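Below is one structure; the comments refer to it alone.
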Amino acid sequence: MNFDDTPQEAAFRKEARSWISANAPRQYEEELKKASLGRTQLKGANILEVAKAWQKKKADGGWACLHWPKEYGGRGASAIERVIWQQEEGAFGKLSAMFIIGHGMCGPTMMAYAREDHKRRYLPPLASGENIWCQLFSEPAGGSDVAGLRTRAEKRGDDWIINGQKIWTSGAHYSDYGILLTRTDPAVAKHKGLTMFFLDMKSKGVEVKPIKQANGQSEFNEVYFTDVKIPDSQRLGAVNDGWNVALTTLMNERMSIGAGVATGFPEIFDFCSNLMLDEGPAIEDRSVRSKLANWAVKASGLKYTSFRTISALSRGERPGPENSIGKLVAGSMIQEVAMYALDLQGAAGALSGEQAELAGKFQAMLLRSPGTRVEGGTDEIMRNIIAERVLGLPGDIRVDKDVPFNQIPTKGRA
Ligand SMILES: Cc1cc2nc3c(=O)[nH]c(=O)nc-3n(C[C@H](O)[C@H](O)[C@H](O)COP(=O)(O)OP(=O)(O)OC[C@H]3O[C@@H](n4cnc5c(N)ncnc54)[C@H](O)[C@@H]3O)c2cc1C
């Protein structure tokens, strides 16, 4: 297989590289390079403001949401050009974290289902980062099984009245808009009575409560809805066809592949290369070398698996379930890497200076890693996808699939 750029791709890469070199916020480059999973802050600067400024600059230069049509704030570029951009953007791409849900999931859902005037009004400020969007799907009773959600939408005149609760909504506390999946008919099977809307997060009756995480940050929230009014014109798709709309959103989540998955390997290799153990440099220790060799093999496997996706995109095809493999393997590897780094610190004794900074990075990585294994589908759900769609094994048993939602026995319902 040839992984080299075609002449056209090489020309695009050159143009992207020179624009980034002339425009990127270089003053944050070193800090962003060091920032690992779990660290989304900058010393002495508000990362949200820095990220919004970079996104706006990209939009003004025609480099935001590359694969979106121009009339909606994009560049009309190909999927492979988007991957090339991500490769070239490098550490500055970490500033896109707060836009990923809006650009990768909400935007494409709006493009597929919103009215034309709404697309022209809402998509360009989403592309330029002036507006941030969130995804209001998961609930206490509907995570992996999102079709089990209970937030109700009831039609009153030209409006819908929303009551219920969402949870784990990333970025809801700084989001301007959100896409919301609700139950509109509880008397039919759970997948058949759902309807999707988009809403202004400042609407009356929306209450956002940030959740304090183990790492001290608050990246996601509980969101409560009390008699929130949404005009019918903000419905996405047909009434009770929300499951199909949600599948569009979730499929785009899989398509919004980055230039590669984070594994923690470069960080642990760097750490071991600089760490002194009692017996000498960590990198010369046989057990350390053996661990690093195993992780190097895994990281390479993941890199080439992600190349399969990139090759599919390059041929204009939809990627398959390779991203589920990447997420499953990388999620647990990050956790192992971070735990090993903390073990090594114990062996090395007290750390100071540069090494202390690196150590803090692994603590942040470790505390964030369980979230990585849960968000966008847990390890078990990834295994189900791989079993069913890659290995062709029989499907998971779904006993409540055809039962009317209001007749599914639950503890909470009398
Ligand atoms: C960091 C983070 C960010 C998130 N951001 C968002 C967001 O922005 N918007 C949003 O809507 N949601 C968001 N979520 C929620 C996320 O989608 C859910 O947490 C996830 O889908 C799992 O659902 P749950 O937490 O309800 O766990 P459950 O579905 O209750 O799962 C509990 C356990 O049961 C296992 N399990 C469940 N079903 C099966 C099965 N069929 N086979 C085998 N095992 C199974 C799971 O693997 C897990 O171990 C986020 C979550 C995290 C951690």
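The values are calculated or read from the model by the stated rules, or taken from the named source; none is laboratory data. Predicted model only: the values in this text are computed from it and were never measured. Cβ: placed from backbone, ideal geometry, glycine included. Neighbour counts: every protein chain shown. SASA here: full protein model, heavy atoms, side chains in, ligands and nucleic acids out. Shrake-Rupley method; radii C 1.70, N 1.55, O 1.52, S 1.80 Å.
Report relative contact order for region 181-332 in percent, whole number only (criteria: Cα-Cα under 8 Å, sequence separation at least 6).
Computed over region 181-332, the figure is 18 percent.
Which stretch or stretches of region 148-191 have amide N atoms under 15 Å from the point lying 7 Å from Lys204's Cα along the Cα→Cβ direction?
So the set is 159-162.
Return one number: the angle in degrees, 0 to 90 and rounded to the nearest 10, between the long axis of the Cα atoms of helix 353-374 and the longest principal axis of the Cα atoms of the chain.
Value to nearest ten degrees: 30.
Glu49: accessible area at probe 1.4 Å, nearest 10 Å²?
About 120 Å², ignoring ligands and nucleic acids.
List, largest first, the extents of the alpha carbons of region 247-317 along their principal axes, each in whole Å.
Over region 247-317, Cα extents along the principal axes are 54, 21, 15 Å.
Gap in Å between the Cα centre of region 218-240 and the Cα centre of region 89-103?
Measuring centre to centre over Cα atoms gives 25 Å.
Ignoring ligands, DNA and RNA, what percent of the accessible area of region 168-325 is carbon or sulfur (1.4 Å)?
Of all accessible area on region 168-325, carbon and sulfur atoms account for 51 percent.
Expressed as a whole percentage, what fraction of the accessible surface of region 101-153 belongs to carbon and sulfur atoms when a 1.4 Å probe is rolled over the protein heavy atoms?
For region 101-153, the apolar C and S fraction of the accessible surface comes to 46 percent.
Where does the Debye-calculated log10 I(q)/I(0) of region 127-274 sit at q = 0.12, 0.13, 0.21 Å⁻¹, using only Cα point scatterers of equal weight, no solvent?
Values, matching the q order: -0.55, -0.63, -1.38.
Hey, how many Å between the Cα centroid of region 374-396 and the Cα centroid of region 283-309?
24 Å
Sort Tyr28, Tyr113 from largest to smallest accessible area, using a 1.4 Å probe on the heavy atoms of the protein chains.
Largest accessible area first, the residues go Tyr113, Tyr28.
Give the average over all directions of the projected area of the C-alpha convex hull of region 56-193, one decimal, in nm².
9.8 nm²
With only alpha-carbon pairs counted, each pair once and no self-pairs, how large is the Kirkwood hydrodynamic radius of the chain in angstroms?
Its Kirkwood hydrodynamic radius stands at 23.1 Å.
Please report the net charge: other residues with Cβ closer than 11 Å to the Cβ of Leu277, K and R +1, D and E -1.
-4
Take Asn406 and Asp278, extend 7 Å from each Cα along the Cα→Cβ direction, and tell me the distance between the two endpoints in nm.
Distance between label points: 6.9 nm.
Please list, in order along region 80-87, the HN-Hα scalar couplings obtained from phi with the Karplus expression 6.51 cos²θ - 1.76 cosθ + 1.60 (θ = phi - 60°), rounded to whole Hz, x for Gly and Pro.
For region 80-87, the Karplus curve yields 6, 5, 5, 5, 4, 4, 4, 5 Hz.
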